[in-house]
Amino acid sequence: MPWYVWLIAAVALGAAEFFTLALFLGLLAAAALVAAVVAGIGVGLPGQLLAFGLAAVAGLVGVRPVAMRHMARQPVSREGSDALIGKRAEVVREVTGTRGLVKLSGEEWSARALDDSLVIPVGALVDVMEIEGATAVVHPRDLLP
């Protein structure tokens, strides 16, 4: 089989991988590239098929499980407003279940209490539990008086 047939197969498999993102067809595309190289140096069809099979097995058994584990992991760092979750803030204006103001990472943020029944006084330290739009949802660090 000519090398360009393997190359066409590699391009077709690579394009199919682009749409599926299963990391299966892409590895087969890489194996087809290996077979194209083997065909290009003049090895016959049995050698090409052997090269394709070995490269496919190596990719599917060796590379795919490692890549799938890597893709399943959560990102190490959070960005934007997600990075503020878990931070400590100081109440600047009394925080209730509907409104308030806290100083968070050097900026003033609108805030509301996680528990609607809480009223958090000025000066209290709070933890940011979540961010909803431009509002920090907070909970006091210590017991309130």
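The table that follows gives values for the structure above.
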{"item": "Surface share of carbon and sulfur [accessible, 1.4 angstrom probe, percent] for region 1-70", "result": "83"}
{"item": "Whether the chain is rounded, prolate or oblate, judged on the alpha carbon gyration tensor where a/c under 1.5 counts as rounded", "result": "prolate"}
{"item": "Probe 1.4 Å, accessible area per residue of region 1-79, Å²", "result": "68"}
{"item": "Surface accessible to a 1.4 Å probe, ARG93 within the full protein complex, Å²", "result": "140"}
{"item": "Pairwise FRET efficiency - SER81 versus ALA16, Cβ, R0 = 35 Å, nearest 0.05", "result": "0.40"}
{"item": "Amide H contacts under 5 Å for ALA136, placed H, 5+ residues apart", "result": "SER110, ALA111, ARG112"}
{"item": "HN-Hα J in Hz across region 64-71 - Karplus 6.51, -1.76, 1.60, θ = phi - 60°, x for Gly and Pro", "result": "4, x, 5, 5, 5, 4, 5, 6"}
{"item": "Long-range HN-HN contacts of ARG99 with modeled amide H, under 5 Å", "result": "ALA113"}
{"item": "Cα gyration tensor category, rounded, prolate or oblate, for region 30-72 with a/c compared to 1.5", "result": "prolate"}
{"item": "Estimated inter-spin distance, ALA72 and VAL43, nm [label 7 Å along Cα→Cβ]", "result": "3.3"}
{"item": "³J(HN,Hα) computed for each position of region 104-121 - Karplus, 6.51 cos²θ - 1.76 cosθ + 1.60, integer Hz, glycine/proline x", "result": "10, 6, x, 10, 8, 10, 5, 9, 9, 6, 4, 9, 4, 7, 7, 10, 9, x"}
{"item": "Under 5 Å, built H, 5+ apart or other chain: amide partners of ALA124", "result": "VAL91"}
{"item": "Mean accessible surface per residue for region 95-135, computed with a 1.4 Å probe while every protein chain stays in place, in Å²", "result": "54"}
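The values are calculated or read from the model by the stated rules, or taken from the named source; none is laboratory data. Quick caveat: nothing in here was measured; it's all calculated off a predicted structure. Please note: Cβ atoms are built from the backbone with ideal geometry, for glycine as well, and neighbour counts cover all protein chains shown. We work out accessible area using only protein heavy atoms, side chains counted, and drop any ligands, DNA or RNA first. Shrake-Rupley method; radii C 1.70, N 1.55, O 1.52, S 1.80 Å.
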